[in-house]
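I have placed the structure first, in the form of structure tokens, so that the comments after it can refer back to it.
The values are calculated or read from the model by the stated rules, or taken from the named source; none is laboratory data. Not measured: the values here are computed from a predicted model. Counting neighbours? That spans all protein chains shown, and the Cβs are built from the backbone with ideal geometry, glycine included. Keep in mind that these areas ignore ligands, DNA and RNA; they rest on the heavy atoms of the full protein, side chains included. Shrake-Rupley method; radii C 1.70, N 1.55, O 1.52, S 1.80 Å.
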Amino acid sequence: EALADGHHLIIGDLHDSTFPMLAGHAALLAPIAHTVPDYIERLTLIKSLADERRVKYVTLHTRGLYPDNLDEYNAAVEVADRLPRIVAFFDEISTACDQDRGRHGDVAHLAFQAATEVRKFGINLVFSGQSISADLIGPMRDQLSTRVCFRVARREISQLAVFRKGAELIEQPG
């Protein structure tokens, strides 16, 4: 659906198993990330894109306009100056973090920074993984507006991910 709506994409796919069909797609802002250094580069790209968009938002202040989100920005500018939404998918984010010093590494730091700063600028983040540790999800959990949790092994993981028990009881495979 993101492609049909004209969104741009940034993708991290460590094992090249989730998004191989999108390799080389015109909507990609960079090649699909397959390594931890690639993840760091893509997360840095997201920060740069948010910074560029922040500057564009601030230019509207001289007209007395203070957009709070991409829709407000795009409504205030000429059609040619409108910005597309960006959707960034990072599959196996926990594995990438584990390979980069865990919660103390650059991947975790940049992912947390993105989770707290980029939504206002029309950049939507999707972080996924087989198991995401409390050390990683804890600081980001409140910044992520939507959380999806399939069957998990323990009630504590369900509580951490979606603020309630129950995901450990799901019978259908994810």
Among the residues of region 69-97, which ones are crowded, with 19+ Cβ neighbours inside 10 Å and in a helix (DSSP H, G or I)? Leu70, Tyr73, Ile93, Ser94, Ala96, Cys97
Against the conditions (1) open to solvent by 50 Å² or more (accessible area, probe 1.4 Å); (2) on the phi < 0 side of the Ramachandran plot, where does Asp16 fall short? Just the number, please. (2)
Matching entry among His109, His104 (being more than 27 Å from Gly6 (Cα to Cα), surrounded by 16 or more Cβ atoms within 10 Å (Cβ to Cβ) and modelled with pLDDT of 85 or more): His109
Contact list please: Cβ distance under 7 Å, first residue in region 63-91 and over 27 Å from Pro31 (Cβ atoms), second residue open to solvent by less than 80 Å² (accessible area, probe 1.4 Å) and of a type in the set (Phe, Trp, Tyr), pairs at least six apart or on different chains. Pro67/Tyr57; Pro67/Tyr73; Tyr73/Tyr57
Evaluate region 153-165: report whether one residue or more is surrounded by 13 or more Cβ atoms within 10 Å (Cβ to Cβ), at pLDDT 95 or above and over 23 Å from Asp38 (Cβ atoms). no
Would you tally the residues in region 107-130 being in a helix (DSSP H, G or I) and over 15 Å from the mean Cα position of the chain (by Cα)? 0
Of everything in region 56-105, what is at positive phi and either touching a His at 6+ places or on another chain (Cβ under 9 Å) or of a type in the set (Gly, Ala, Ser) (or both)? Give them in sequence order. Gly64, Glu92, Gly102
Determine whether Val148 is open to solvent by 20 Å² or more (accessible area, probe 1.4 Å), touching a Phe, Trp or Tyr at 6+ places or on another chain (Cβ under 6 Å) and at pLDDT below 95. no
Taking region 25-54 as the search range and keeping residues that are part of a loop (DSSP other than H, G, I, E, B) and aliphatic (A, V, I, L, M), which one is surrounded by the fewest Cβ atoms within 10 Å (Cβ to Cβ)? Ala26
